Ligand code: SAM
């Protein structure tokens with residue numbers, strides 16, 4: 001496959017629906033994307049199959065037990081190769097954005113470590129992790145949903161994964177702007193008509209209208225995005241109108 005993810009997780013079943021349905025399900029079926037899970041619990045040897053451990057210094061909460069975790073990481077590397085990029089999903093990581101997704105989409109083999117409990121031993125991060133990635137400034141109970149968020153966003157950029165060639169290009173953030181509003185049937189919904197220009201058949205006029213909508217929306221909802229953007233001449237002119 002073009003894109004391989006090795007996911008280290010105590011809850012591999014969470015990835016079953018993700019890899020079976022919709023766009024991602026099709027990408028997996030067609031061999032463009034492949035997701036293998038590695039469960040630290042499979043690398044335990046005691047009767048209780050222990051995967052958590054107490055933190056030095058005391059305090060509430062547990063950490064992931066080191067040996068089953070590192071054994072699972074090594075198992076993932078034995079499939080993905082020693083050069084696989086290892087990412088730890090963590091609220092302390094670099095916040096993921098579309099530019100980050102595009103960068104990660106250039107990497108063929110990625111290992112994602114999903115934390116649980118209060119997280120993982122700092123030395124495991126120092127020794128095994130290339131990069132920490134956060135999906136936002138809030139705390140979840142595990143790295144599984146963040147791992148799925150990352151894989152979903154990356155998979156959409158793998159050639160052939162999205163049905164329509166242009167769909168990823170038109171999405172929000174791809175050109176640094178929010179997407180324009182969209183309309184489908186009926187032409188009149190509860191007395192409200194679809195914007196006339198979309199019925200005109202004039203493709204150039206429609207393109208300009210959509211660009212204008214994107215600019216206005218971005219200015220209203222996310223002015224912060226415009227600050228980091230080098231607008232084209234046309235975009236600047238429309239925005240100034
Ligand atoms: N004590 C950790 C801290 O404050 O940095 C949080 C631990 S959290 C309860 C358990 C796991 O969920 C983390 O190890 C991480 O893998 C994952 N996680 C939680 N929030 C996340 C976020 N915003 N982005 C990425 N991963 C997150």
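Checking residue 45 against (1) out of contact with any strand residue (DSSP E or B) (no Cβ under 9 Å at 6 or more places or on another chain); (2) within 16 Å of the ligand (Cβ to nearest atom); (3) not in a helix (DSSP H, G or I): exactly one of these is not met. Which one?
So the condition that residue 45 fails would be (2).
Within region 103-132, restricting attention to residues that are more than 13 Å from the ligand (Cβ to nearest atom) and assigned to a loop (DSSP other than H, G, I, E, B), which residue is nearest to residue 40 (Cα to Cα)?
Among residues in region 103-132 that are more than 13 Å from the ligand (Cβ to nearest atom) and assigned to a loop (DSSP other than H, G, I, E, B), the one nearest to residue 40 (Cα to Cα) is 130.
Tell me yes or no: at least one residue of region 198-210 is in contact (Cβ under 8 Å) with a residue 12 or more places away in the chain and under 30 Å from residue 24 (Cβ atoms).
Checked against the condition, which is being in contact (Cβ under 8 Å) with a residue 12 or more places away in the chain and under 30 Å from residue 24 (Cβ atoms), region 198-210 yields at least one hit.
Among the residues of region 1-39, which ones are free of Cβ contacts under 8 Å to residues at least 60 places away in the same chain, at negative phi and out of contact with any strand residue (DSSP E or B) (no Cβ under 7 Å at 6 or more places or on another chain)?
13, 16, 17, 20, 21, 25, 29, 39
Could you grab me the full set of residues in region 8-34 that are touching a helix residue (DSSP H, G or I) at 6+ places or on another chain (Cβ under 8 Å) and part of a helix (DSSP H, G or I)?
14, 15, 18, 19, 20, 23, 24, 25, 27, 28
Does any residue of region 133-155 turn out to be exposed (fewer than 11 other Cβ atoms within 10 Å of the Cβ), in the same structural domain as residue 32 (by TED's automatic domain parsing), out of contact with any strand residue (DSSP E or B) (no Cβ under 8 Å at 6 or more places or on another chain) and not in a helix (DSSP H, G or I)?
yes
Can you say whether residue 214 is surrounded by 15 or more Cβ atoms within 10 Å (Cβ to Cβ) and not assigned by TED's automatic domain parsing to the domain that holds residue 88, as far as the supplied structure shows? It would help to see each step written out before you state the result.
Details: surrounded by 15 or more Cβ atoms within 10 Å (Cβ to Cβ): yes; not assigned by TED's automatic domain parsing to the domain that holds residue 88: yes.
For residue 214, the condition - surrounded by 15 or more Cβ atoms within 10 Å (Cβ to Cβ) and not assigned by TED's automatic domain parsing to the domain that holds residue 88 - is met.
If you go through region 80-87 one residue at a time, do you hit one that is assigned by TED's automatic domain parsing to the domain that holds residue 57, within 15 Å of the ligand (Cβ to nearest atom) and assigned to a helix (DSSP H, G or I)?
no
The values are calculated or read from the model by the stated rules, or taken from the named source; none is laboratory data. Since the model is a prediction, treat every value here as computed from it, not as a measurement. Neighbour counts run over all protein chains shown; Cβ positions are idealised from the backbone, glycine included.
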